[in-house]
Amino acid sequence: MLVIEKYFSDIQKCVLDFNINVESLQAKYTSDFLYTQAISEYKKLFLTLLLSKSKEEIEKNTKILVNFTIEQDISYLFLYSELVTVVRKFLGSLIEKHDFEDIDVVNLFFAEHEDQITSLYLVKFLKRLKLKNELRLSHIELMADKKFMIHYENHLKWIIELVLYVQKKVYNDNYPELNPNLCDFGKWMKSSTTSYLLSTSHFKEIEKLHMNLHDLAANVVSYCKSGKSHPATLIHLMNRIEYYSLEIGNEIAFLNEIEESAKDPLTHLLTRRLFNKIMLSKIEISKATGREFALMMCDLDHFKVINDTHGHDIGDIVLQHFSKILEHVLRKSDYIFRYGGEEFIILLPMTNKEETLLLAQKICNLTASKEVVVENITISYTVSIGTIVILADNKISATQETIDKYVTKVDEKLYLAKERGRNRVE
């Protein structure tokens, strides 16, 4: 340290001249500690560390500096660039003076500071990263209606598991799932329940972010297992993972809004406005695969009488009751839309005529066998169902006109069921 102490005044000059210097212009308007004030305070702590005279002082002031930067969200890249700037300027001044005698000592001095700062920053950064994600997780757990956030909840658990893996320093094969299609979040993204979201820009962005995140995680695990000890690399990778994770959270929030508008507020089924988009997709899939799909249109029999006799509130309860029957009978891969009033339309992917009629009859029978009981009122009701099966070949265009043609056909079948006595399938 005695050799370095003779350069302390030169080091101080380099820090004061070339360290990023900002002055808060808003401090007088707020009692909060602003980021610009944090940078000014950081500069003092940074200089105090570089002018420390003993190992004990260096250790203490390194902790103070790193703790402060973590608390104020000052990035490691900022610390590193500041240190490099001072080192370059200082070494440049020695070379200009032809003072080569202590260059190795000076290099070692700054290298040791870099190692100590980086190692401690990684420890503190991982601890704070884990805490942040646990806090986000606790907020989601308290949500009454999570919607898609329940899947982000799984994602946050995965992030915490990765942080713990890096923290443990026992780099075995007990790490989180690295395949983006096999983690819980990835499985949800590939599930049939997300089909109606595939065309949204937010979902596509999540796919890209999720793929990048897993790619980075695989690099983290590989780097840890390689035995290399450069904390700066892990800080950079984990910091980028945190960025992608937050972006995924933002996009999930947008999807929640889409989900809110895509679902009928009364029945929580899909709304009519999504029907055309999904139909276009299924027509193209049918053309590509040669597999048929089906449409089913349901209309509650004499529903106007229920509304006129018992009121619209009771009518709404009947609609909710029928919606539950549809969800109970139909498969997870089927799309159920409230098409308007008491009319529902169901799209059944890769379903033939026999399967379609079987499902439709099951809905019809179950509806007729159930009763809606509200206080002292007991209501029995039935449903009429029209069905068609579609096999789209290359002559068929995926257009709005084609969709309208199919809807007209299934509507005609529904009308036929009504005409032939209701409570039946055609």
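The values are calculated or read from the model by the stated rules, or taken from the named source; none is laboratory data. None of the values given here were measured: they were computed from a predicted structure. Every residue, glycine among them, receives a Cβ derived from its backbone with ideal geometry; neighbour counts consider all protein chains shown. The protein model used for the area step is the full one, side chains on, heavy atoms only, and it has no ligands, DNA or RNA in it. Shrake-Rupley method; radii C 1.70, N 1.55, O 1.52, S 1.80 Å.
Looking at 378, 367, which one is of a type in the set (Ser, Thr, Tyr) and either within 36 Å of the chain's Cα centre (by Cα) or open to solvent by less than 10 Å² (accessible area, probe 1.4 Å) (or both)?
Working: 378 fails: either within 36 Å of the chain's Cα centre (by Cα) or open to solvent by less than 10 Å² (accessible area, probe 1.4 Å) (or both).
After applying the criteria, what remains is 367.
Do we have residue 154 as closer than 30 Å to residue 275 by Cβ, polar (S, T, N, Q), surrounded by fewer than 19 Cβ atoms within 10 Å (Cβ to Cβ) and touching a helix residue (DSSP H, G or I) at 6+ places or on another chain (Cβ under 8 Å) here?
Details: closer than 30 Å to residue 275 by Cβ: yes; polar (S, T, N, Q): yes; surrounded by fewer than 19 Cβ atoms within 10 Å (Cβ to Cβ): yes; touching a helix residue (DSSP H, G or I) at 6+ places or on another chain (Cβ under 8 Å): yes.
Answer is yes for this residue.
If I ask for residues that are open to solvent by less than 50 Å² (accessible area, probe 1.4 Å), free of Cβ contacts under 8 Å to residues at least 60 places away in the same chain and either β-branched (Val, Ile, Thr) or assigned to a loop (DSSP other than H, G, I, E, B) (or both), which ones from the stretch 73-108 would you list?
Answer for the stretch 73-108, where residues must be open to solvent by less than 50 Å² (accessible area, probe 1.4 Å), free of Cβ contacts under 8 Å to residues at least 60 places away in the same chain and either β-branched (Val, Ile, Thr) or assigned to a loop (DSSP other than H, G, I, E, B) (or both): 74, 84, 87, 99, 103.
Residues being β-branched (Val, Ile, Thr) and touching a Lys or Arg at 6+ places or on another chain (Cβ under 7 Å): count how many of those fall in the stretch 282-308.
Residues that pass the stated criteria total 0.
Could you please give the count of residues in the stretch 109-145 that are among the aliphatic types (A, V, I, L, M) and surrounded by 13 or more Cβ atoms within 10 Å (Cβ to Cβ)?
8
Give me a count of the residues in the stretch 348-363 that are touching a strand residue (DSSP E or B) at 6+ places or on another chain (Cβ under 6 Å) and buried (at least 22 other Cβ atoms within 10 Å of the Cβ).
Here the count works out to 4.
Those residues that are hydrophobic (A, V, I, L, M, F, W, C) and open to solvent by 70 Å² or more (accessible area, probe 1.4 Å), I need them from the stretch 165-193; list them, please.
170, 182
Being within 39 Å of the chain's Cα centre (by Cα), open to solvent by less than 40 Å² (accessible area, probe 1.4 Å) and closer than 25 Å to residue 3 by Cβ is the filter here, so list the residues in the stretch 44-72 that pass it.
45, 46, 61, 62, 65
Residues that are modelled with pLDDT under 85 and closer than 30 Å to residue 418 by Cα, at least 2 per element: which helices (runs of 4 or more DSSP H) completely within the stretch 192-298 meet that?
Because the criterion is at least 2 residues that are modelled with pLDDT under 85 and closer than 30 Å to residue 418 by Cα, the helices (runs of 4 or more DSSP H) in the stretch 192-298 that meet it are 275-289.
Could you say whether any residue in the stretch 404-422 is within 19 Å of residue 334 (Cα to Cα), without any contact (Cβ under 8 Å) to a residue 12 or more places away in the chain, surrounded by fewer than 20 Cβ atoms within 10 Å (Cβ to Cβ) and under 39 Å from the mean Cα position of the chain (by Cα)?
no
Which residues, taken from the stretch 81-97, are of a type in the set (D, E, K, R), more than 41 Å from the chain's Cα centre (by Cα) and under 19 Å from residue 43 (Cβ atoms)?
Those that are of a type in the set (D, E, K, R), more than 41 Å from the chain's Cα centre (by Cα) and under 19 Å from residue 43 (Cβ atoms): 88, 89.
Could you say whether any residue in the stretch 282-304 is farther than 19 Å from residue 314 by Cα, open to solvent by less than 10 Å² (accessible area, probe 1.4 Å) and of a type in the set (Ser, Thr, Tyr)? Reasoning before the result, please.
Just the residues of the stretch 282-304 that are farther than 19 Å from residue 314 by Cα, to begin with: 282-298.
With open to solvent by less than 10 Å² (accessible area, probe 1.4 Å) added as a condition, the list becomes 283, 286, 293-298.
Retained after the next criterion (residues that are of a type in the set (Ser, Thr, Tyr)): 286.
There is at least one residue in the stretch 282-304 that is farther than 19 Å from residue 314 by Cα, open to solvent by less than 10 Å² (accessible area, probe 1.4 Å) and of a type in the set (Ser, Thr, Tyr).
Based on what the data block shows, is residue 148 in contact with a Leu (Cβ under 7 Å, 6 or more places away or on another chain) and closer than 20 Å to residue 332 by Cα?
It is true that residue 148 is in contact with a Leu (Cβ under 7 Å, 6 or more places away or on another chain) and closer than 20 Å to residue 332 by Cα.
Anything in the stretch 382-395 that is open to solvent by 10 Å² or more (accessible area, probe 1.4 Å) and either at positive phi or outside any strand (DSSP E or B) (or both)? List them, or say none.
Of everything in the stretch 382-395, those that are open to solvent by 10 Å² or more (accessible area, probe 1.4 Å) and either at positive phi or outside any strand (DSSP E or B) (or both) turn out to be 382, 391, 393, 394, 395.
From 124, 130, 60, grab the single residue that is touching a residue at least 40 places away in the same chain (Cβ under 8 Å), assigned to a helix (DSSP H, G or I) and farther than 20 Å from residue 17 by Cα.
Result of the check over 124, 130, 60: 124.
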